[in-house]
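In what follows, a structure is listed as structure tokens, so that the remarks can point back to it.
The values are calculated or read from the model by the stated rules, or taken from the named source; none is laboratory data. On a predicted model such as this, the values are computed, not experimentally measured, just so you know. Don't worry about glycine lacking a Cβ; one is built from the backbone with ideal geometry, like all the others, and counts go over all protein chains shown.
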């Protein structure tokens, strides 16, 4: 009697399972929807996006300084095209767990707005603390503790 035993679990099947479970569309309070790729932060290809609020007044230069600081530890993206809300939505759809917004207050006190993809919560943090905060969230041990 013929039979087939398939014991392999390939990377493509694992990725498809994670990917199909992570992609969702959610309804927001203002009757709009957003597409979110809720990849676990440890698996997200881009860990953070750095977004200057406007393309002038020294904000792009400060944003680039943050990119230069973080790029040695994490895969980061820089985006200055369109309004900041559209950039947030674009990064949500790409699965980027954190968006760092550089605004005029950043020039005064060297703090930025850190936005979390899943909760859309925004907090003000010091630029010098970014590496530690992002590193804690994308750490494999931290992720394993969250899923237990």
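Considering only residues in segment 22-55 that are over 28 Å from residue 139 (Cα atoms) and assigned to a loop (DSSP other than H, G, I, E, B), the one that is modelled with the highest pLDDT turns out to be 53. Is one or more of the residues making up segment 92-100 farther than 24 Å from residue 139 by Cβ, in contact with a strand residue (DSSP E or B) (Cβ under 7 Å, 6 or more places away or on another chain) and either at pLDDT below 95 or not in a helix (DSSP H, G or I) (or both)? The answer is yes, given that some residue of segment 92-100 is farther than 24 Å from residue 139 by Cβ, in contact with a strand residue (DSSP E or B) (Cβ under 7 Å, 6 or more places away or on another chain) and either at pLDDT below 95 or not in a helix (DSSP H, G or I) (or both).
When the criteria are applied in full, residue 48 meets the requirement of being surrounded by 13 or more Cβ atoms within 10 Å (Cβ to Cβ), under 26 Å from residue 30 (Cβ atoms), touching a residue at least 60 places away in the same chain (Cβ under 8 Å) and touching a helix residue (DSSP H, G or I) at 6+ places or on another chain (Cβ under 9 Å). For residue 76, are the conditions met, namely being closer than 20 Å to residue 139 by Cα and touching a residue at least 24 places away in the same chain (Cβ under 8 Å)? Spelling it out, residue 76 is indeed closer than 20 Å to residue 139 by Cα and touching a residue at least 24 places away in the same chain (Cβ under 8 Å).
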